[in-house]
Structures are given as C-alpha cells and as structure tokens.
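Structure first, then comments.
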Amino acid sequence: MDPWLELLGAWWWVGPTAIGLGAVGYGVISAPRRRARRLELDAARQEVGTAYNALIAARAHEREAKARLQAAQTQPGVVVPGLPSVAQARGELQAAKAEHRTATLTLRAKRSGVKSARAHLHAATGETELPVARLLRRHDSVTARWMEYETDVAKRIAFPQMSDARHPLTGTFLTMQQQALELRPESARTRMTPEQFLRYRDAVAAVETSFAAAEQDAWREARASGAVPPAPERDQVAPWATVAQQVVSLSAEAIAQAAEAAADALANRSRAASAPSGSGERAQRPAPKAPPGPAGQSRPAESRSEPPTWPVPSRSPRSDG
C-alpha cells in the first residue's frame, strides 16, 4: 500500500484541477448563450435607469418652475430681465407638471417591461426564443407582407401606391425599413449591446407602425377607386355567434311547438275513445295545431273533417214494422 499512498500524495491535485478547468470551460462556452438570453432583460433595465433619470430631471424642472412663479408673483407688473411674467410662469409650471406626469408614467411602463423581459427569460427554452430571434421574426414578417404587394401582379395593380415611394406613407415606410436594415444583426447569435438591441427594437416597431399606416391608406384608396369591393358594414352583417344563437333559439321553438301539437292530438284521441258509441252528440274537439314550419314559423291550420260515426247511418228511412 505504500506505493499507492505515495502516488496519491504526489498526484492528488489532478482531480480538483480537472474539475476547475471543466467548470471554467463550461462557463466560457455558455457565456454567449446566457448573454444572448439576458439581452432583453438588460436592455429593459437600462430603459428603467434612463426613465428614472428623466423623472429626476422633470422633478427638478417642476421645482424650478415653481420658484420662477413665486419670484414673478412677488413683483407683479414689473419687467425684470430674465424673469417671466406671472402668466408665462404659470404656463411654464403647467408644462413642467405635465412633463413630470409623463416621466412618472414612462417609468411605470418601463418597470412593467422589466417584468415582461424577466418572464420571457424564464420561459425561453430554445434557439428561436432568444430576444434577437424574436425581433428578426417580427422584421421578416413585415418584410414578407410588403413583398406580396411587390411580387403579386393582382395586388400590384389593385394597390399601386404600396410600390410608389413618392407616396408619403409608403416613403415613410421605406425609410424606416432602410434604417431597420442598417441596424439588423446578421443572426440571432450576433453579439449586441443593450443599446444596439434597443435601437433595433425601436426601428422594428417603427417599421410595423409605418407599414400598417401605409397598408390601411392603400386599401382605403383601392376601395374608393373600386379596385376592391367595399368593406361590409357591421350593422348589416351579424356576427357568427349571433346567427348561431338565433338558429338554436328558432330550433328550440319549433321543437316546443311540435311537442305541444303532439300532446294535443293524444289528448283528443283519449277523449274520443272514452265517449259513448251510441251518443248522438259528437265530441267537440279543438282543431289540432299545425306542425311548425321552417325557422320556427307555424303553418296555417288545415281544415280537417270530423271522424265518421260508426255504424254509418242509412240514407233511406227504416220501416218500423
């Protein structure tokens, strides 16, 4: 056992060293992946910091406007260089208060964005759920929708302004598209800073907004010129849920009427069977209800003759002898 103990004492450091090198290697390999997954969260946190700084600046601006108003109120009607009038100071204070409210709401919205980014981070499982991959998917979706107006002959004829850069809304979309293409990364694995991610995200949002405005205006022009049929009004077209509900209610009404008619017929037959056969009086029975027609509308009741009396009376008078 002495040789084994000597060997273990000489090479005991190999195990911990291998474990440490493996951990360091795994950290180096997985660092880009973790950084890519946390990119949206880091960008959202940076937005919160920017919004907080804007809130502090708006608060200071409001305090300065209050001080200027108080200084103007101490000397009403006196023109002092660098000091506004009371009306101007009140207007500046109102603008500063509006800026303060806007900064407060913006900060709340950015904090909600941090929560959303954190939820996306915990829910992301694959390569397609990376923040950059989601942005690339949104950008490609808008580009594909625009290319339909460029490659489809029917759409190109019906919506010519979608291919005309001289149209204001189409020109705005093409400008936003060019800016987004300049900021677009090569792939979802491209390393980006939070600032670059925010600029590209805002560019994609501008592309979506400008394309929606241009497409809506193109459809409006096409309907006005008769290239496409006009959109149906909501008052003239009932929702499918309402139509289905009407059909069900009419079917239920028809079934109820049919059941009521069957019950009346059965009651009439029972009264006819219980009446005496030799009685000269005929049982007065109400006319059965007509079966319901289509869509729950009742048909007009058909005239039915009274059932024959048995035995049939003779036409010639019988002799008493």
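The values are calculated or read from the model by the stated rules, or taken from the named source; none is laboratory data. Since we're looking at a predicted model, the values are computed, not measured. We place every Cβ from the backbone using ideal geometry, glycine too, and count neighbours over all the protein chains shown.
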Does Ala51 satisfy the criteria of being within 30 Å of Arg189 (Cα to Cα), modelled with pLDDT of 85 or more and touching a Gly at 6+ places or on another chain (Cβ under 6 Å)? no
Among residues of the range 87-133 being of a type in the set (D, E, K, R), touching a residue at least 60 places away in the same chain (Cβ under 8 Å) and surrounded by 13 or more Cβ atoms within 10 Å (Cβ to Cβ), the residue farthest from Arg59 (Cα to Cα) is Arg118
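Scan the range 134-153 residue by residue and report those that are of a type in the set (A, V, I, L, M) and surrounded by 11 or more Cβ atoms within 10 Å (Cβ to Cβ).
The first filter runs over the range 134-153 and keeps only residues of a type in the set (A, V, I, L, M), leaving 135-136, 142, 144, 147, 153.
The answer is Leu135, Leu136, Val142.
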Is it the case that the range 222-235 has a residue that's surrounded by 17 or more Cβ atoms within 10 Å (Cβ to Cβ) and not assigned by TED's automatic domain parsing to the domain that holds Asp42? yes
Suppose the filter is crowded, with 17+ Cβ neighbours inside 10 Å, without any contact (Cβ under 8 Å) to a residue 60 or more places away in the chain and not hydrophobic (A, V, I, L, M, F, W, C); does Gln177 pass it? yes
On the given criteria, is Arg166 at pLDDT below 95, of a type outside the set (Ser, Thr, Tyr) and in contact with a Phe, Trp or Tyr (Cβ under 9 Å, 6 or more places away or on another chain)? no
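Filter the range 180-190 down to residues that are in contact with a Leu (Cβ under 9 Å, 6 or more places away or on another chain) and farther than 19 Å from Ser141 by Cβ, then give me how many there are. Can you show your working first?
The first filter runs over the range 180-190 and keeps only residues in contact with a Leu (Cβ under 9 Å, 6 or more places away or on another chain), leaving 184-185, 187-189.
Subset that is farther than 19 Å from Ser141 by Cβ: 189.
Counting residues in the range 180-190 that are in contact with a Leu (Cβ under 9 Å, 6 or more places away or on another chain) and farther than 19 Å from Ser141 by Cβ gives 1.
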Cβ-Cβ below 6 Å, separation at least six or inter-chain, first residue in the range 157-174 and in the same structural domain as Glu221 (by TED's automatic domain parsing), second buried (at least 18 other Cβ atoms within 10 Å of the Cβ) and part of a loop (DSSP other than H, G, I, E, B): which pairs? Gln161/His167
